[in-house]
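One structure below.
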Amino acid sequence: MIKVLHIMTDATLGGAGRVLLQLLRCFDRERFEVVVAAPRGSTLVELIEAEGYRVIETEKGHDRSYERGAVKEYKKIIRAERPDIVHTHSSFAGKLAAFLCGVKCRIYTRHCVFDMPKILTTFPGKQINGFVNNTLATGVIAVAHAAAENLTDTGIDPRKIRVIINGVEPVPTLSAEEKAAFRRSLGIGEEEFVGLISARLEVYKGHSYLLDAVRLIKERGKNYRFIIMGDGSCREELEQKAKELQLEDRVLFTGFVDDVVPYCNISDLSLNCSYGTEASSIALAEGMSLGKPAVVTDFGGNPYVITDGVNGLLVPQKAPGAMADAIMKIAEDRKLYARLSEGAIAEYQEKFTARAMTEQVEALYEQLTERK
C-alpha cells in the first residue's frame, strides 16, 4: 500500500479543497492510505473527516504558502507519518519540508492560472525559480494546459509536468417538486431564467463585470435572476455595487454554501467571469454534469472546459456587453439551449468525471513510487 500525505493551506473551501475532496471520494483505499494536513479550524477539516480520512490540524499554513515555523511543523508531521508521497497544494513550506525529510516522491499541484510576473519569466528569475522548484518536486500536476504553460514559462522542467484536468462526481438531480420548492424558498419564479456563478468573491474573478452585464440585461427588459454563490474579500463591495445599480431584485448573494446541489439544480446557466486566475473550474464541470450550458470569459483554462458553440459561449474578458449578449442569446433561443445542454453532458462524460481524474493521479503515484 502506498501512503500519501496531502498538505493543504486553505482555511476555507476553495478550488483546491474541492478537487481534493473529489479525489478522496474516488481513491482506491485498498491501494492508497491517505492522510491530510490542513490548517486548524479550516472548513476542510470536517468535510475531509466526513469522507472517512484522518486529518492532522496544523497551527501554520492558514492560506499562506510559507511562514515562519511552518517548515518545522510539517517536518515533524512527515517524520511521524513516514509517507511514501507528499502531495502539496499551494504550500512552499510543505514542499521544502518534504525535501528536507528525504521523501523520495514529492508532488505539488498547480491549481491556478494567471499572468506571470516578468521577473519569473526572464533571466535570472526564471532560472532561479526553475532550479528551486525542480529540486523540491519530483512531479507536478497542472490542472489545465494553461497551468502547464505557466509552469514552463517560469522554468519548470516539462518532463516533470502531468496535465490532469479537474473532474467531479455528477451532481445529484432533484425532482421537479424539490426544485420548485427551492426556487420558492429563494423568491424565484418557476419560469424565471437563472444564471449561477460559483467562485470566491475576489477582484480577479470578475463579479463586478457580471453585475454590469446584469444591469444591461435588466435595461433590455429581461427578468432573469442571478445567483452569486461564495464568499470572499469583495463581498461587501459587490453587494454595495448591486444596490447602487438597483439590482437587488435580480441578484442573490448566498455567501458560503456547503451544499451546492439545490443551487446547481435550479440554475439554467453557469457563469464564469475570471480575468486574473482560472484553471479548470470545478463549478463549470458540476453544471455540465446536469446539462447546464455556460457563458465564460476566454481566460486561462476556460477555453478548454467550454468549447464555444459546443457546450457554451466564450466572451472577452472585462466585457459586460458581450457577456450580456451571450446570456440573452442562450436564454432566448430554445434550440440553441438544447444543443448546448446536450454538448455539456457529452463533454462532461468524456473529460471531466472525478473517476477519470483520480485514475490519472493514482497512476502518477504508482509511476513515481516504482521509479524511486
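A short reminder: the numbers here are calculations on the coordinates, not readings from a lab. This structure is a prediction, so every number in the text was calculated from the model and none was measured. Methodologically, a virtual Cβ is constructed for each residue, glycine included, from the backbone with ideal geometry; neighbour enumeration extends over all protein chains shown.
Laid out as a table, the results:
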| quantity | calculated |
| --- | --- |
| Inter-centroid distance (Cα atoms) of segment 1-44 relative to segment 208-267, Å | 31 Å |
| Theoretical FRET efficiency, 1/(1+(r/R0)^6), r = Cβ-Cβ of GLU248 and THR173, R0 41 Å, to 0.05 | 0.85 |
| On Cα atoms only, tilt of 235-244 relative to the major axis of the chain in degrees | 10 degrees |
| Prolate/oblate/rounded call for the chain, Cα gyration tensor, a/c under 1.5 rounded | prolate |
| LYS104 versus LYS76: modelled label distance in nm, points set 7 Å from Cα along the beta carbon direction | 2.8 nm |
| Amide H partners (placed H, <5 Å) of VAL315, local residues excluded | VAL296, THR297, ASP298 |
| Rounded if a/c under 1.5, otherwise prolate or oblate - segment 176-351, Cα gyration tensor axes | rounded |
| Expected 222 nm ellipticity per residue - DSSP helices of 4 or more, -39500 (n - 2.57), all of the chain, to 500 | -13500 deg cm²/dmol |
| ARG339-ASN134 pseudo-label distance in nm [points 7 Å out on the Cα-to-Cβ vector] | 4.7 nm |
| Potential lengthening between ASP28 and GLU190 on full extension [0.36 nm per residue; Cα-Cα distance subtracted] | 54.2 nm |
| For the chain: relative contact order, % (alpha-carbon pairs under 8 angstrom, 6 or more apart) | 15 percent |
| Residue order, fewest to most surrounding Cβ atoms within 10 angstrom, among GLU49, GLU236 | GLU236, GLU49 |
| 0 to 90° range, to nearest 10: angle between helix 207-219 axis and the chain longest Cα axis | 10 degrees |
| For segment 1-79: rounded, prolate or oblate by the Cα gyration tensor [a/c cutoff 1.5] | oblate |
| Flagged links, alpha-carbon separation over 19 Å, of LYS3/LYS60; LYS205/LYS241; LYS95/LYS160; LYS179/LYS222; LYS104/LYS351; LYS3/LYS75 | LYS3/LYS60; LYS179/LYS222; LYS104/LYS351 |
